[in-house]
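The values are calculated or read from the model by the stated rules, or taken from the named source; none is laboratory data. Since the model is a prediction, treat every value here as computed from it, not as a measurement. Heads up, the Cβs are rebuilt from the backbone with ideal geometry, glycines too, and the neighbour counts pull from every protein chain shown.
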């Protein structure tokens with residue numbers, strides 16, 4: 001049932017990877033692989049050199065979901081290489097980068113809901129969960145560190161609470177942890193087809209976690225993270241950082257967290 005979808009996905013991946021320098025993929029030392037995670041086919045890049053060691057999986061943000069006029073786009077593939085660059089420079093032996101459903105690879109199962117009101121829907125989360133577990137299996141490990149950027153933090157949390165015993169740590173960078181509070185703050189349309197990590201907070205609070213936030217972040221204001229996180233000592237605030245810039249000084253700290 002996936003043959004046509006796989007062909008579409010691979011063709012799209014080829015054009016993404018072969019496209020111009022404006023969107024050059026920094027994951028040149030990683031192996032590309034499509035992940036079959038029904039009903040989606042996800043794009044992943046990984047570098048595994050020590051079987052059995054913890055695997056660090058970077059989960060992309062919401063990507064190019066809306067244009068400058070706040071209209072849904074036809075393709076949510078991120079234009080920024082911010083998270084891919086962080087993943088590419090991670091010195092740990094087992095590192096993976098995982099795109100969200102319909103980013104990089106678009107098949108006929110993708111609908112606009114998948115990157116708008118349903119970006120954290122049960123089927124999206126289940127697909128991401130399958131992908132995380134497949135990457136962990138490839139590394140022959142049950143020790144997982146999830147690093148979620150922006151909306152990817154919500155995904156990391158929702159996947160993590162389903163498997164708290166194999167989560168070494170959840171790390172978030174400028175992360176959306178309570179999507180209902182986030183959309184309310186921006187007076188955006190509620191994500192009415194999505195789950196919310198707040199509903200699983202009791203489990204989430206038991207998982208080791210570290211949150212990096214930028215004092216100048218206007219996309220995910222600091223107070224949203226501070227209001228959600230139980231242990232304030234797990235929050236690291238960077239005075240000069242915004243939603244993407246200013247995190248260079250803590251990269252070593254991010255890489256050392258396991």
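Structure above, values below:
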item: Residue count, the range 82-91 (criterion: in contact with a helix residue (DSSP H, G or I) (Cβ under 8 Å, 6 or more places away or on another chain) and either free of Cβ contacts under 8 Å to residues at least 40 places away in the same chain or surrounded by fewer than 17 Cβ atoms within 10 Å (Cβ to Cβ) (or both)); result: 2
item: Answer from 216, 201, 162, 193 - the residue that is more than 28 Å from residue 70 (Cα to Cα) and either at pLDDT below 95 or in a loop (DSSP other than H, G, I, E, B) (or both); result: 162
item: Yes/no for residue 184 being in a helix (DSSP H, G or I), modelled with pLDDT of 95 or more and either crowded, with 16+ Cβ neighbours inside 10 Å or out of contact with any strand residue (DSSP E or B) (no Cβ under 8 Å at 6 or more places or on another chain) (or both); result: yes
item: Residue under evaluation residue 77, criteria (1) at pLDDT 95 or above; (2) assigned to a helix (DSSP H, G or I), criterion not met; result: (2)
item: Only listed residue being in a loop (DSSP other than H, G, I, E, B), buried (at least 16 other Cβ atoms within 10 Å of the Cβ) and touching a helix residue (DSSP H, G or I) at 6+ places or on another chain (Cβ under 7 Å), chosen from 177, 224; result: 177
item: Qualifying residue in the range 129-146 (condition: under 22 Å from residue 66 (Cβ atoms) and in contact (Cβ under 8 Å) with a residue 24 or more places away in the chain); result: no
item: Selection from the range 227-247 of residues that are in a helix (DSSP H, G or I) and either under 19 Å from the mean Cα position of the chain (by Cα) or crowded, with 16+ Cβ neighbours inside 10 Å (or both); result: 228, 234
item: Every residue from the range 32-65 that is farther than 23 Å from residue 133 by Cβ and either touching a residue at least 40 places away in the same chain (Cβ under 8 Å) or in contact with a strand residue (DSSP E or B) (Cβ under 6 Å, 6 or more places away or on another chain) (or both); result: 65
